[in-house]
Amino acid sequence: MHCPYCQHPDSRVLDSRTADDGGSIRRRRQCPNCERRFSTVEQIQLGVRKRSGVVEPFNRDKVISGVRKACKGRPVADEDLARLGEQVEAALRASGQAEIPADEVGVAILGPLRELDRVAYLRFASVYRQFNSVDDFAAEIDRLRTGADG
């Protein structure tokens, strides 16, 4: 770890603590050259593996943007979308995998969105699950009515 003050290529760890409910580690460091102290935060990089095989970093804003489209015209606040984004990221991180298939991101969105707004859920599910007919919608509406998972 380079010192942010003198750019010395090494530093000594003085203290380490978990942060964000174990999702990251905060380290207090000291430079052996200039003796100044600084903090770093280490977080596991969560990757999303696309169908093409390309892996890109998980982006909570991308999740929120996709859900926002499904929620257009619905009584859903930005705070609700932010909370949903946090829930999705927490669920994906809890899986313990460093790379998540893109399909699993969609699955992780469906549950919290279903609880947030059923109409938005139906819109999102219709795209995510590639509904091809009115029968697909009817079957999903029946599952919503009976409380069954789809």
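The values are calculated or read from the model by the stated rules, or taken from the named source; none is laboratory data. Since the model is a prediction, treat every value here as computed from it, not as a measurement. Positions of Cβ are backbone-derived with ideal geometry, glycine not excepted, and every protein chain shown enters the neighbour counts. Surface accessibility is based on the protein's heavy atoms, side chains included, excluding ligands, DNA and RNA. Shrake-Rupley method; radii C 1.70, N 1.55, O 1.52, S 1.80 Å.
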Any idea which residue in region 14-41 is modelled with the lowest pLDDT, counting only those that are within 22 Å of the chain's Cα centre (by Cα) and open to solvent by 70 Å² or more (accessible area, probe 1.4 Å)? Asp21
Look through region 42-58, keep the residues that are outside any strand (DSSP E or B) and of a type in the set (Gly, Ala, Ser), and return whichever of them is most open to solvent (accessible area, probe 1.4 Å). Ser52
Using the structure shown, decide if Glu79 is in a strand (DSSP E or B) and either at pLDDT 90 or above or open to solvent by 90 Å² or more (accessible area, probe 1.4 Å) (or both). no
With respect to Lys72, determine if the residue is loosely packed, with under 12 Cβ neighbours inside 10 Å, modelled with pLDDT under 95 and out of contact with any strand residue (DSSP E or B) (no Cβ under 6 Å at 6 or more places or on another chain). yes
Tell me, please, whether a residue that is touching a residue at least 24 places away in the same chain (Cβ under 8 Å) and either more than 14 Å from Cys71 (Cβ to Cβ) or not acidic (Asp, Glu) (or both) can be found in region 133-144. yes
